[in-house]
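The values are calculated or read from the model by the stated rules, or taken from the named source; none is laboratory data. Note that the structure is a prediction, hence the values are computed from the model and not measured. Here the Cβ is made from the backbone with ideal geometry for all residues, glycine too, and neighbour counts use every protein chain on show.
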Amino acid sequence: MSKRTIVTLPGDGIGKAVLDETLRVLDAAGFEANYVEGDIGWEFWKSEGNPLPQRTIDLIAKHKIALFGAITSKPKDEAFDELSPELKEKGLIYSSPIVGLRQHFNLEICARPCKTYKGNPLNFIRRGKENEIEEPLVDVVIFRQNTEGLYGGVEWTNPDNNVYEAFMSHPRFKKNFGKVPKEEISISTRIFSKERTENILRAAFDYAKKYGYKSVTLAEKPNVIRETSGMMYKMALKIQAEDYPNIELWNTNIDAQMMWLTKNPENYGVLVAGNMFGDIVSDGFAGLIGGLGFACSAQWSKDGTAVFEPTHGSAPKYADYEISIVNPMAMVESACMMLDFIDEKEKAAKIRKAVADVIEEGKVKTYDMMKMRGKPDVIKNGAASTKQMADAIITKL
């Protein structure tokens, strides 16, 4: 049987460090693959004016499965300033390559699990009725619509006349913004389509049914954002009633949800939301299980193209340290999601058990797990390096 080919996308900053260590873990677990590296990220923006070169798109189109490290994104003016001088007259505008990947391959379904590891010193705790310390079990999976909403990229600053007039035709826009000079207006749109909204809702309900979760919570804002959140809520009601009657549908406003997740996180199972709110609530739940160092994700399309990535950023301030200190757990967990996706579930379970054993044993901890500030001297003060944490997982394997 021929080996599967996996496209690796180190990206920027700490992306290469966590990806390299994760590949070692995969190898130790017995996963055999050919890895081909794709170019993506800030350096290619600066040198080529394109952070997502066509050659990388072609690689993913051919091989379907990618492991992604992290990228750096900067505001429009800063991005322009860092372009090579010969590119500055070409009218180039930076856009996030990971958002570009999602939209190009229609990676519309995004799943972000957040699950407590026993013994993690960063787990969420609270005080109970008799002032006792409680450590509730968090076992949540957030399904985030990945290609639409506020991340759709339909935006204007000083909009063209045809765009401006179209907005002026809406009575509320005319009333509230009609006297604002056009050149002082910036507009971002929040667009939901019925097909993709139904797809993310069904993905959430299907997952809940498959893995025995009793509820799906819609975390949106239909009482205020009536057209988009309202449409999603109406569709969720219909889908649940017709096809998933044994799974409860809970409707929460995103702001209230962020409060409740720190009051009773154990009550929630599967959550579903649009792009921005899904991003927000997944980071909120990640904070309850140890932070972004433990936050993994998968995103896929109907044709089987999938990209797996930690949800943390590129952390450029750590990238130049002589010894990498960052926690590789989120990248390792993202690789486990990849293994699940390609039906290598036994190897995924094996790695997850090794990770759990390392955390519960408590002998090897990265700086975040020791509640240190991320300084170069944390290794001297007892924190494990990125490599040492990977070594510990490999030892358990």
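Points to keep in mind about this one:
- Among the residues of the stretch 90-101, at least one is within 17 Å of ASP279 (Cα to Cα) and at pLDDT 95 or above.
- Remark: VAL332 falls outside the filter, which requires a residue to be in a loop (DSSP other than H, G, I, E, B), modelled with pLDDT of 95 or more and β-branched (Val, Ile, Thr).
- For LEU271, the stated conditions do not hold, so it cannot be described as under 13 Å from CYS114 (Cβ atoms), over 12 Å from the mean Cα position of the chain (by Cα) and at pLDDT below 95.
- Single residue of ILE359, ILE342, ILE394 found to be in the same structural domain as TYR35 (by TED's automatic domain parsing) and either crowded, with 23+ Cβ neighbours inside 10 Å or of a type in the set (Gly, Ala, Ser) (or both): ILE359
- In the stretch 371-391, the residues that are surrounded by fewer than 19 Cβ atoms within 10 Å (Cβ to Cβ), within 25 Å of GLY30 (Cα to Cα) and in contact with a Lys or Arg (Cβ under 8 Å, 6 or more places away or on another chain): none
- Within the stretch 274-284, at least one residue is of a type in the set (A, V, I, L, M, F, W, C), assigned by TED's automatic domain parsing to the domain that holds GLU220, modelled with pLDDT of 95 or more and crowded, with 23+ Cβ neighbours inside 10 Å.
- Looking across the stretch 369-395, the residues that are within 19 Å of ASP20 (Cβ to Cβ) and among the charged types (D, E, K, R) come down to LYS387, ASP391.
- Among the conditions (1) in contact (Cβ under 8 Å) with a residue 60 or more places away in the chain; (2) touching a Lys or Arg at 6+ places or on another chain (Cβ under 6 Å); (3) of a type in the set (A, V, I, L, M, F, W, C), the only one that ALA208 does not satisfy is (2).
- Enumeration of residues in the stretch 277-327 that are in contact with an Asp or Glu (Cβ under 6 Å, 6 or more places away or on another chain) and over 27 Å from PRO136 (Cβ atoms): SER314
- Residues of the stretch 49-66 satisfying the condition of being over 26 Å from ILE394 (Cβ atoms) and touching a helix residue (DSSP H, G or I) at 6+ places or on another chain (Cβ under 8 Å): GLY49, ASN50, PRO51, LEU52, PRO53, ILE57, ILE60
- Hits in the stretch 1-28 (condition: farther than 12 Å from LEU67 by Cβ and either outside the structural domain of ALA390 (by TED's automatic domain parsing) or free of Cβ contacts under 8 Å to residues at least 40 places away in the same chain (or both)): MET1, SER2, LYS3, ASP27
- Residues that are assigned to a strand (DSSP E or B) and either out of contact with any helix residue (DSSP H, G or I) (no Cβ under 6 Å at 6 or more places or on another chain) or free of Cβ contacts under 8 Å to residues at least 24 places away in the same chain (or both) within the stretch 103-140 comprise CYS110, ALA111, PRO113, LYS115, ARG126, ARG127, ILE133, GLU134, ASP139, listed in sequence order.
- Number of the exception - ASN327 against (1) surrounded by 20 or more Cβ atoms within 10 Å (Cβ to Cβ); (2) more than 23 Å from PHE205 (Cβ to Cβ); (3) at pLDDT below 95: (3)
- Given (1) at pLDDT below 95; (2) within 17 Å of the chain's Cα centre (by Cα); (3) not hydroxyl-bearing (Ser, Thr, Tyr), number of the condition PRO316 does not satisfy: (2)
- Criterion violated by ASP368 - all others in (1) surrounded by fewer than 16 Cβ atoms within 10 Å (Cβ to Cβ); (2) of a type in the set (D, E, K, R); (3) assigned to a loop (DSSP other than H, G, I, E, B) satisfied: (1)
- For the stretch 254-265, taking the residues that are buried (at least 18 other Cβ atoms within 10 Å of the Cβ) and under 24 Å from ILE133 (Cβ atoms), the one that is modelled with the lowest pLDDT is identified as LEU261.
- Of the residues PHE68, PHE31, the single one that is assigned by TED's automatic domain parsing to the domain that holds GLY313, in contact with a Phe, Trp or Tyr (Cβ under 8 Å, 6 or more places away or on another chain) and closer than 15 Å to PHE308 by Cβ is PHE68.
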